[in-house]
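Enquirer: First, the structure itself, so that you have it in front of you.
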Amino acid sequence: MKFNLKTLLYFPLIFFFLPAFTLNLTFLGGAYSVYPIFFLILYIALSVVFILKPKSFICKIKKVISSTPFKFYLIYVLVSILDSILLSVLGVASLGNTLRYILVHYILCIFPVFLYFIFIIDKYISYDNFIKIFTKLFYILMILGLIAYIGMFFNIKIIQSIFDFLANVRFIKFANIGYNGIASGYEAYGFPRLDCVFEEPSFYARFMFVFLPLIYSVATSKIKLYENRFINLFVKKTIIPLAWLNLILTQSPIYLILFFIITLLYFAKEIIVFVKRHILIFSSIFVFAILCGILIILNVNFEDTYLSRIITTVTSASFEDFVLAEPSLGGRIVCFINLFQIFLKHPFMGVGLGNLSDLMYHQLSASPVILTPEIYENMAVALQSKQKFVFNSNLFFADLAQYGFIIFGIFIFFHTQLKLTLNKIKTYNLSYNDQVYLKGLGWCWITLTIGYFYQFYMTLFEPLMVNILIITFIYRFLSRRQNEKNNIYR
């Protein structure tokens, strides 16, 4: 029984790395309602652990809530629900949209993920093993990424078919609305854009970016991922280069820039020490690189290359030029501006859960800034298919518009408390492994914060897992401290 249960407990984590392998559940709210098989596996595993040990389950969840910042997140959710119900009663929001949002986002998505992983970590799977398994799965994902790109580059049908099956959400969404647009096989400048087992290349890049600091922390530590010395060394030495290679192959300029920035910040001390020790060599290389860069820029045409997207992102003369030249990032910024316009109209109570789609459609129709072709296309699809309008959003602007600044302030408080608690834990004597995890999680908190301003929202897999890892790490530390105190007074 233990072996079977242990095996089952690992399945949700495995399918966490297959976020675009989905079920078609249109009855939950429109043609776009497809849900990862990860959730089906999770519901089964969650039901099993609850049925086997209900008292233990409830007891641990209550302890985690009372002793960690997780309680502030629950307050944020409760107040947002009450706010939306009040807005529905007042006729400002749709009660149907509110109830559907609560069902789909909180009951079917966020709460099961939190409850499951918070319970099993350090109950059935130790924190150390969980991190090791996570890192191994991340490495396997990088290998799959290379295989997927080989299949795309050389047009190997069997490889493409396997990855299209593992990321079937690409086709289900478009098939449901009768849209004949591109569902896979993204290209840019004559080269494939790697999406691996994700819905889009940028989603794959986003996933890597969020967890990169944790991978850095584990890969550069003395923690053993494998007992075999050669395999352990090989994986730890190659996982970071593989992550960078996979990112470059996604051809996502914003995430390449963010990767570069977070890497410089993460290794800032090591870089400074290296420069000081080799100042003459470094200065010579730096000057030579600058001169070569100037010559290349003056003599090479980057118009039809991936680098032109990066150059455009940072050098556009006007907003209109930027939006037209870089429509993906430009489209997000256009949506952020219009979401902020909605917030300004409803600053205190927001517009309520599940009501942004309709309001955003009308807001974009009167947008104060130019719209991208993609936004026009999405608006036309929503009108023709009579489905909810899907637009680019992030947690910061979307939650401001949905809840108003007071309720959103509760979320900011929760998010801030996570970081403050991690900083406080730094002041204690920690085991070597805990120091490694603490550093990685602290930097993951930073990548998550950056993401909240760009592309992330709470129901994404990445924010959920980062918050779970931080919350369980805090609870683990506090539990150990409490046990130490109890032992002293015995």
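The values are calculated or read from the model by the stated rules, or taken from the named source; none is laboratory data. Quantities reported herein were computed from a predicted structural model and do not represent experimental measurements. Neighbour counts run over all protein chains shown; Cβ positions are idealised from the backbone, glycine included. Accessible surface is based on the protein model in full, side chains and every heavy atom, while ligands, DNA and RNA are left aside. Shrake-Rupley method; radii C 1.70, N 1.55, O 1.52, S 1.80 Å.
Enquirer: What order, most packed first, do the peptides 8-15, 252-259 have when packing is the mean number of other Cβ atoms within 10 Å of each residue?
Expert: Result, highest mean Cβ count within 10 Å first: 252-259, 8-15.
Enquirer: Divide by every residue of the chain the summed helix terms, -39500 (n - 2.57) for each DSSP H run of at least 4, and state the resulting mean residue ellipticity at 222 nm, rounded to the nearest 500 deg cm²/dmol.
Expert: -24000 deg cm²/dmol
Enquirer: Right, here's the next one. So, by mean Cβ neighbours within 10 angstrom, what's the order for 125-134, 55-64 with the highest one leading?
Expert: So the peptides 125-134, 55-64, ranked by packing, come out 125-134, 55-64.
Enquirer: May I pose another question? Can you quote the Å³ per residue value for the convex hull of the Cα atoms in the stretch 68-176, rounded to an integer?
Expert: Taking only Cα atoms, the stretch 68-176 has a hull volume of 164 Å³ per residue.
Enquirer: Where does the stretch 392-464 land on Rg(C-alpha)/(2.2 N^0.38 Å)?
Expert: Cα-based Rg divided by the globular estimate yields 1.26.
Enquirer: For the stretch 411-490, what's the relative contact order in percent, using C-alpha pairs closer than 8 Å and at least 6 residues apart?
Expert: It rounds to 31 percent for the stretch 411-490.
Enquirer: Using the Karplus curve 6.51 cos²θ - 1.76 cosθ + 1.60 with θ = phi - 60°, what ³J(HN,Hα) values do you get for each residue of the stretch 79-85, in whole Hz, with x for Gly and Pro?
Expert: Karplus-based 3J(HN,Hα) across the stretch 79-85 equals 5, 5, 5, 4, 4, 5, 5 Hz.
Enquirer: Run a plain Debye calculation on the chain (Cα atoms as equal point scatterers, no solvent) and give log10 I(q)/I(0) at q = 0.06, 0.10 Å⁻¹, rounded to two decimals, same order as the q list.
Expert: Listed by q, the Debye log ratios stand at -0.30, -0.86.
Enquirer: When only alpha-carbon atoms count, how far does the stretch 108-172 stretch along each of its three principal axes, as whole angstroms with the largest first?
Expert: 46, 28, 13
Enquirer: Residue-wise, which Karplus ³J(HN,Hα) couplings in Hz belong to the stretch 124-137, taking 6.51 cos²θ - 1.76 cosθ + 1.60, θ = phi - 60°, and x for glycine or proline?
Expert: Coupling constants for the stretch 124-137: 10, 10, 5, 4, 4, 5, 4, 5, 5, 5, 4, 5, 5, 5 Hz.
Enquirer: A follow-up question, please. Which peptide among 195-204, 68-77 comes first, and what is the full order, when sorted by highest mean count of other Cβ atoms within 10 Å?
Expert: 195-204, 68-77
Enquirer: Separate question: If all Cα-Cα distances of the stretch 127-283 are sorted into 10 Å bins from 0 onward, what percent lands in each bin, rounded to whole numbers?
Expert: 10, 32, 31, 19, 6, 2, 0
Enquirer: Pairs LYS237/LYS276; LYS222/LYS439; LYS63/LYS439; LYS419/LYS439: which exceed 20 Å Cα-Cα?
Expert: Pairs exceeding the cut-off: LYS237/LYS276; LYS63/LYS439.
Enquirer: Between the stretch 352-402 and the stretch 134-148, what is the separation of their alpha carbon centroids in Å?
Expert: 34 Å
Enquirer: Along the stretch 471-476, what does the Karplus equation 6.51 cos²θ - 1.76 cosθ + 1.60 (θ = phi - 60°) give for ³J(HN,Hα), rounded to whole Hz, x for Gly and Pro?
Expert: For the stretch 471-476, the Karplus-derived couplings read 4, 5, 5, 4, 4, 4 Hz, x marking Gly and Pro.
Enquirer: Right, here's the next one. Please compute the per residue accessible area over the chain with all protein chains in place, 1.4 Å probe, rounded to a whole number of Å².
Expert: Normalised by residue count, the accessible surface of the chain is 48 Å².
Enquirer: If the reach is capped at under 22 angstrom between alpha carbons, list the lysines near LYS388, excluding any in the same chain fewer than eight residues apart.
Expert: List returned: LYS173, LYS345.
Enquirer: While we're on this one: Under 5 Å between amide hydrogens, which residues at least 5 positions from ALA188 or on another chain qualify, with H placed 1.01 Å from N in the peptide plane?
Expert: Residues meeting the amide H criterion: ARG193.
Enquirer: For a quick check of your reading of the filter: which chymotrypsin sites (Phe, Trp or Tyr not before Pro) in the stretch 341-375 sit in a DSSP loop and have no more than 15 other Cβ atoms within 10 Å?
Expert: Passing both the DSSP loop test and the Cβ count: PHE348.
Enquirer: Counting only protein chains, not ligands or nucleic acids, how are VAL334, VAL89 ordered by accessible area (probe 1.4 Å), most first?
Expert: Ranking VAL334, VAL89 by accessible area, largest first, yields VAL89, VAL334.
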